[in-house]
């Protein structure tokens, strides 16, 4: 059984956030196979969303 | 999939086209140094991986960025060509890589694949065919399918590289890559970033809460300076001030005759906007005050004319008075003229008498001179009559005329002249006074006419009345001026009051705004961005925790898989190491696991790291054993079935070279092997002591004109 199958099995066994973790695992697998960076881009997009929202709230607080 | 033959042309030391078959389980290229055997192995790498082996490294540390062609072939315009004939599951295929002699550095090679159907693929399609056929990538190839002495040795000697190559040997490349990917994202750092963002927002929120209170306090201090007590800082007071501002401005506008628009006093913004503009409007647009300057100019004109009139009138009065006094003091003009005439006549008489006296003296002097000349002392020179004592008498007479008479006549002349002068002076004074009186009177008339014009009254009005009218009108103008000045002053005062009230109103409005802000805290949770932030944080936290979880899981699984595969690897590694070295030292893969990392090493039976105590030959043997173990594993799991080893016998004695030949024979059970070596014990063993089918190629001396050449080629 290869690494990815074992990981999938353990994620399901663990029983927490199964769908999210399987999706993330699949993303990592695709990146690994294609040399892509979609997981890194997803992280950067989330960080950017937080930064934008925080900047907007800061502006509101400063009136 | 394995290569059946290689054809090279214009590749490094290989000039003219040569084809070497690789279909035997073992192919050996035997040649002295510098005859092109290593280049042949490099040609396979270049054909399969192109620029990766020239720009990024050839796989041989000391030969990075090696040149494709020898420099002696500068005039050769033929392209470099390497072709690999392959045996694939679908049939035979041909890979060709070609590069023109004058290709630019960034120019791509011409890369084609002719598949088993005869279809020729080029460029990206050819590369894709290669990947789809299961060809390992360059990193895997250089680690598991080729052996360059220095690189292989380095991989075993370096702790990090040794761990990496053992990872591959254990078949845990994917595990390592996955964990490296997760670590590169640094999931734990994401939580720190989230904490920092939230902390910064909290800080802003605290500041937002404190700021209005601080501002309120500052405004209250300003209010105290303006003498506004706390009770006046109210909405009702602001309304009162607005009403007052508008009402007083309306009143002022009426007085100034201004037609102005006024805001609704209940509209705070409108009042504020209007209030800032009102002073300018009131100050510069009043029709009532426009006449003030005109009145002032007219008053000034009046004042000047009256002053001028008074001056000329006073002068006239003075001259009149003097003239009157002069007239009263003596004669009038006619009398003075008559007196001058008389005085003048008397002077003429005196002059005549004096002249006669002088003529008489001259006659007597002439007579006396004639008597003396004639020497007739008593004879009259005219009548020639003797007059006794004539000469003496003439002398006495002359003396008398010259002295007493002359003095008397001269005095009379002086007296007459003096009297004439006095009479003339008196006359001149009177004439001058008469003239001055006439001039002064003319000026009075002139000023009077000007006053008449100014007052617009006719000529029948007397001077007295003119002056009275002038004074009356001047007083009237002054009254206007006084009234307008009072209005102007009142306007200025009201504008000043307006501005002061505006400042108060502004302060009260600021206070009301600040008080409202101080009393109401911003409800961040009500803002859409707040929920967006929380969603993103939740998502990032979930993403981070999932990544951490996967990282931890991957580490656990890698550790488990390491243990389960170690025995198999140890067996293969031990087998090849023992074959080469004839040493029964049991080298084993050791797994070191920490909370974050997993690393590997080779240890001896005592569990200590084996590499630090190995000699050069043992290290070389170990690096070959590691390669062969990997090659065997790759041959069983992947499609590529060729291992190319370049000069593997370095540092190995004859016994170990014999062992190496046995190891090569053992590996040839799993895949083809291409061995490049110098003539010696290894080539001898491969030629005479191996039972597998083998193709033995001997290269002849390299020459500048022909390049590398094949001297001998046999199949055994």
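Axis of helix B:333-374 versus longest Cα principal axis of chain B: the two differ by about 70°, to the nearest ten degrees.
In this structure, residue B:393 and residue B:359 have a Cβ-Cβ separation that, at R0 = 30 Å, corresponds to a calculated FRET efficiency of about 0.95. In plain terms, the chain from residue B:296 to residue B:705 could stretch by 135.3 nm, reckoned as 0.36 nm per residue minus the Cα-Cα distance. By DSSP, what percent of the beta bridges with both residues in the protein assembly as shown are antiparallel, rounded to the nearest 5? That works out to approximately 70 percent antiparallel.
Computed extension length for residue B:310-residue B:203: 29.9 nm, one decimal, from 0.36 nm per residue of separation with the Cα-Cα distance subtracted. Label separation (residue B:463 vs residue B:158): 12.8 nm, computed from points 7 Å beyond Cα along the C-beta direction.
Calculate how many DSSP beta bridges within chain B are antiparallel, expressed in % of all such bridges and rounded to the nearest 5. Once the DSSP bridges in chain B are tallied, antiparallel ones form about 70 percent. Computed over chain B, the per-residue total of -39500 (n - 2.57) for DSSP H runs of n ≥ 4 gives a 222 nm mean residue ellipticity of -22000 deg cm²/dmol, rounded to 500.
Using a simple spin-label model with pseudo-atoms 7 Å out from Cα toward Cβ, residue B:583 and residue B:421 lie 16.0 nm apart. Label-to-label distance for residue B:267 and residue B:90 is 8.2 nm, based on points extended 7 Å past Cα in the beta-carbon direction.
Cα-based radius of gyration for segment B:262-308, normalised by 2.2 N^0.38 Å, reads 2.01.
Over segment B:289-456, with a single point scatterer placed on each C-alpha, what log10 of the ratio I(q)/I(0) does the Debye formula yield at q = 0.11, 0.13, 0.15 1/Å? Computed log10 I(q)/I(0) values: -0.72, -0.82, -0.92. The length gained on full extension between residue B:110 and residue B:688, counted as 0.36 nm times the residue separation minus their Cα-Cα distance, comes to 203.9 nm. In segment B:410-439, whose amide N lies under 17 Å from the spot 7 Å out along Cα-to-Cβ of residue B:322? List them in ranges. Taking a point 7 Å out along Cα→Cβ of residue B:322, the residues of segment B:410-439 whose backbone N falls under 17 Å are B:425-439. Here segment B:508-565 has an Rg and Dmax of 24.5, 82 Å, counting Cα atoms alone. Between 0 and 90 degrees, rounded to the nearest ten: what's the tilt of helix A:3-14 against the longest Cα principal axis of chain A? For A:3-14 against chain A, the angle is about 70 degrees.
Determine the shielding of peptide B:558-565 by partner chains: average, over its residues, the number of Cβ atoms on other chains within 10 angstrom of each Cβ. Let's see the in-between values first.
Details: counts 2, 0, 1, 4, 0, 0, 0, 0.
Average neighbour count from other chains, rounded to a whole number: 1.
Here chain A and segment B:544-583 have alpha carbon centers that stand 28 Å from each other.
Is chain A rounded, prolate or oblate when judged by the Cα gyration tensor, a ≥ b ≥ c being the square roots of its eigenvalues, rounded requiring a/c under 1.5 and prolate requiring a/b larger than b/c? Write out the running numbers ahead of the final one.
Working: a/c = 7.12, a/b = 2.19, b/c = 3.25.
It comes out oblate by the Cα gyration axes.
Across peptide A:5-14, the mean count of Cβ atoms from other chains lying within 10 Å of each residue's own Cβ comes to 3. Sorting the segments B:407-419, A:50-62, B:572-584 by their mean number of nearby beta carbons within 10 angstrom, highest to lowest, gives B:572-584, A:50-62, B:407-419.
Which FRET efficiency, nearest 0.05, do residue A:27 and residue B:485 yield, Cβ-Cβ r, R0 56 Å? Intermediate values should be presented prior to the final figure.
On the way: r = 88 Å, r/R0 = 1.58.
Taking R0 as 56 Å, the efficiency between residue A:27 and residue B:485 is 0.05.
Tell me whether chain B comes out rounded, prolate or oblate; compute the Cα gyration tensor, take square roots of the eigenvalues as a ≥ b ≥ c, and use a/c under 1.5 as the rounded threshold.
Prolate, because a/c is 1.5 or more and a/b exceeds b/c.
Return the FRET efficiency for the residue pair residue B:125, residue B:575: r is the Cβ-Cβ distance, R0 is 45 Å, and the value is rounded to the nearest 0.05. Efficiency at R0 = 45 Å is approximately 0.65.
Relative contact order (percent) for chain B, with alpha-carbon contacts under 8 angstrom and 6 or more residues of separation?
Values: 918 pairs, mean separation 176.5, N = 716.
Normalised by residue count, the contact order of chain B is 25 percent.
Diffusion coefficient of the protein assembly as shown by Stokes-Einstein, Kirkwood radius over Cα pairs, 4 °C, 1.567 mPa s: 31 µm²/s.
Readers should treat all values here as calculations from the given coordinates under stated rules, not as data from a laboratory. On a predicted model such as this, the values are computed, not experimentally measured, just so you know. Cβ atoms come from the backbone with ideal geometry, glycine included; neighbour counts cover every protein chain shown.
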